[in-house]
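See structure below.
The values are calculated or read from the model by the stated rules, or taken from the named source; none is laboratory data. Nothing here was measured: the structure is a model prediction, and the numbers come from that model. Reconstructed Cβ throughout: ideal geometry from the backbone, glycine too, with neighbour counts over all protein chains shown.
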Amino acid sequence: MRRRDAALVLCSVLAVSAGCFGIGGDTTSSTPTPAPGSDPTVRVTDVVYGDTLDVRFPDGREDTVRLLGVDTPEVHAESDPAEFEGVPDTEAGRSCLRRHGKRASAFAVDRLADRRVTLQFDAAAGRRGGYDRLLVYVVVDGSSFNAALLERGHARLYDSPFRERDRYASLEREARDAKRGLWDCAARPKGMGVMERVTPGGSTASIHLNSAVS
């Protein structure tokens, strides 16, 4: 009798230990993906980068979202100039991209930090991407923040399948042609953007307009 009781006690101890240490069961947990067709309203809890946010859902769940169709320059790592059309692969080019990466993040903080925004999903892109981040369009004050990044030259088009691709390509092209934002990092053909004037002493001086990176 005592032997059986002792065995039961031992089994109980082992069962509790297994539960405490996660032995013998699947203890992994992940934030449930919002249901298809829903456009949840969330609060932005942190701006990680210009194109990446941490958000909190109304029920308290938290997740990380990646803005669809856009890519802002890196802030804490080197951006590859080859990914940004026309930007030279030089230290000046990389430094210019870092500077604009910080500006993109500052723009996101100004527009989104601690704000309530709406997340919109795209069936063509899927629900989650790399690092298990939600892939979304972020709508704030009735306007697409993704599109605003492109319009202001804070981001390039991230070429992947999504329904707004053609419109976003047009927005990027317009910003690039106007040298807005990061596209000012792009090299200009020789002779463009430079004007010469005569100084009071009679010599000539070159004035660089919207100085280019070369």
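Just one residue in the set ALA92, ALA82, ALA77, ALA104 is of a type in the set (A, V, I, L, M), closer than 29 Å to ALA186 by Cβ and crowded, with 20+ Cβ neighbours inside 10 Å; that residue is ALA104. Search the range 107-122 for residues being surrounded by 15 or more Cβ atoms within 10 Å (Cβ to Cβ) and among the aliphatic types (A, V, I, L, M), and hand back the single one that is nearest to GLY50 (Cα to Cα). Among those residues, the one meeting the criterion is ALA108.
Within the range 56-67, residues that are within 20 Å of GLY126 (Cα to Cα) sit with their Cβ atoms under 6 Å from residues that are hydroxyl-bearing (Ser, Thr, Tyr), at 6+ positions apart or across chains, in these pairs: ASP63/THR31; ARG66/THR52. Taken over the range 128-141, the criterion of being exposed (fewer than 14 other Cβ atoms within 10 Å of the Cβ) and among the charged types (D, E, K, R) is satisfied by ASP132, ASP141. Can you find, within the range 142-163, the residue that is modelled with the lowest pLDDT among those that are of a type in the set (Gly, Ala, Ser), surrounded by 14 or more Cβ atoms within 10 Å (Cβ to Cβ) and in a loop (DSSP other than H, G, I, E, B)? It comes out as SER160. Does ALA125 qualify as being over 20 Å from THR45 (Cβ atoms), touching a strand residue (DSSP E or B) at 6+ places or on another chain (Cβ under 8 Å), surrounded by 19 or more Cβ atoms within 10 Å (Cβ to Cβ) and at pLDDT 95 or above? Yes: the conditions hold for ALA125.
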